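What follows is a short report on a single structure.
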Amino acid sequence: MIRIAQPIIGPEEEEAVLAALRSGQLAQGPLVAQFEAAFARYLGVRHAVAVSSGTAALYVALRAHDIGPGDEVLVPAFTFAATANAVLLAGARPILVDIKKVDFTIDPKRIEAAITPRTKAVLPVHLYGHPCDMTAIGEIARRHSLAVIEDAAQAAGASWQGRKAGSFGTGCFSFYATKNMTTGEGGMVATDDDEVARRARLLRDHGEGERYRTDLLGGNFRLTELAAALGLAQLPKLDAWNERRRANAAWLSEHLEGVEPPTERAGAYHVYHQYTVRVPNGRRGALLARLREQEIEAVVYYPRCLHQQPLYQQLGIGGSFPVAERAAEEVLSLPVHPALSQHDLERIAAAVNEATAAVGVERG
Ligand SMILES: *Cc1c(COP(=O)(O)O)cnc(C)c1O
């Protein structure tokens, strides 16, 4: 089976985790601080605050910006549900915005129509590893005094016009096992804002400004030393892995037939967390079934938009999002991860081309 994702764990990772285990300190300590410093340097930001997951990063970032009940946050209608769930967990209301057809990210042209006096922030998602148009989003945010909180869970190492995704506003990263780099579970909040960083550090650790003095309502969202050891071993390899993903994506785009390959906009450095094609005309199910027969794990990220989720329907969070709906009907992600061999790529292309010929998929 060619898997859709595969963590790459080598001797450096094994030794680093063993050394952390033997150090006697397992919970947040010096390795977490080192990992934060290395990640901040990598992104080119002043502060990085390590947390226990990408979801925790989003929640902590929203709360660090003082977003809560009565506030609205603009979120793309097409994303992993954790993006908008974090807004709900913070007590605020996600307001959905349609996406662009070309790269599946939030459409800046539709943001302003969704702004109300209650809007506090915009939460763009660098979906599949393709950076959002942070120039346009930044201008709108400045004009309306909105915070920018980036969901960069899929975009570690991506950049927009030479600047790293997650460094424009408050960046939220995930190091879940399938992401471009991993700590098993883990996340990071990155920011240039001293006050946001200060609050994020409090929020991840029970809101205690001093030991046993509760200043704000926080929780336990700390990263372990074991996870930080993994992160320190993975981070130096991230750029080379992303280059491998890009080379795999370029090869696939050159050799696949009958599907619409992903695009990389001018100014974007796409890190292909997913290599996502469109399969038009309702033929996706048939293609998926044939790929599974050939032991190629292709996955639909994501089959439902947020407004099509039962929870969001119960909460009355909806609207009209035709571009997002069409994406949910057409997208299919194929393996692109750096552990693929040339033989794997050839198997994927052969299987896709054979299947699209058989089920009569046409380029849309
Ligand atoms: C993975 C992911 C998250 C959540 O990260 P976890 O570490 O799994 O909590 C949030 N948003 C997006 C877009 C993701 O891909």
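What the table shows:
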item: Accessible-area value, M1, 1.4 Å probe, nucleic acids and ligands omitted, Å²; result: 120 Å²
item: Taking the chain and dividing mean pair separation by its residue count, relative contact order in percent (alpha carbons under 8 Å, at least six apart); result: 23 percent
item: Ratio of Rg to Rh over the stretch 35-120 (Cα coordinates, Kirkwood Rh, two decimals); result: 1.02
item: Taking the convex hull of Cα positions in the chain, its mean projected area over all directions (nm²); result: 18.0 nm²
item: Counting DSSP beta bridges with both ends in the chain, the antiparallel % (nearest 5); result: 60 percent
item: Rg over Rh [alpha-carbon atoms, Kirkwood Rh] for the stretch 46-94; result: 0.97
item: Overall Cα dimensions of the stretch 238-359, principal axis frame, Å, largest first; result: 48, 36, 23
item: Ratio Rg/Rh [Cα only; Rh per Kirkwood] for the stretch 201-267; result: 1.32
item: Euclidean distance of C-alpha centroids, the stretch 122-156 and the stretch 2-73, integer Å; result: 20 Å
item: Dipole magnitude of the stretch 238-359 about its Cα centre (Cβ charges: Lys, Arg +1; Asp, Glu -1), debye to nearest 20; result: 300 debye
item: Derived scalar couplings ³J(HN,Hα) [the stretch 43-51; Karplus, 6.51 cos²θ - 1.76 cosθ + 1.60; whole Hz; x for Gly, Pro]; result: 7, x, 10, 6, 9, 9, 10, 6, 9
item: Cross-link partners of K120 among lysines (Cα-Cα below 23 Å; sequence separation of 8 or more within a chain); result: K100, K109
item: Nonlocal amide H pairs with Y301, under 5 Å, H built at 1.01 Å; result: S333
item: Most positive-pole-ward Cα, P94, F39, A57, against dipole of the stretch 1-100 from beta carbon charges; result: P94
item: Cα centroid of the stretch 157-191 to Cα centroid of the stretch 258-291, whole Å; result: 22 Å
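The values are calculated or read from the model by the stated rules, or taken from the named source; none is laboratory data. What you see is a predicted model, and the numbers here were worked out from it, not measured in a lab. Cβ coordinates were reconstructed from backbone atoms using ideal geometry, including for glycine residues, and neighbour counts include every protein chain displayed. Note: areas computed on protein heavy atoms with side chains; ligands, DNA, RNA excluded. Shrake-Rupley method; radii C 1.70, N 1.55, O 1.52, S 1.80 Å.
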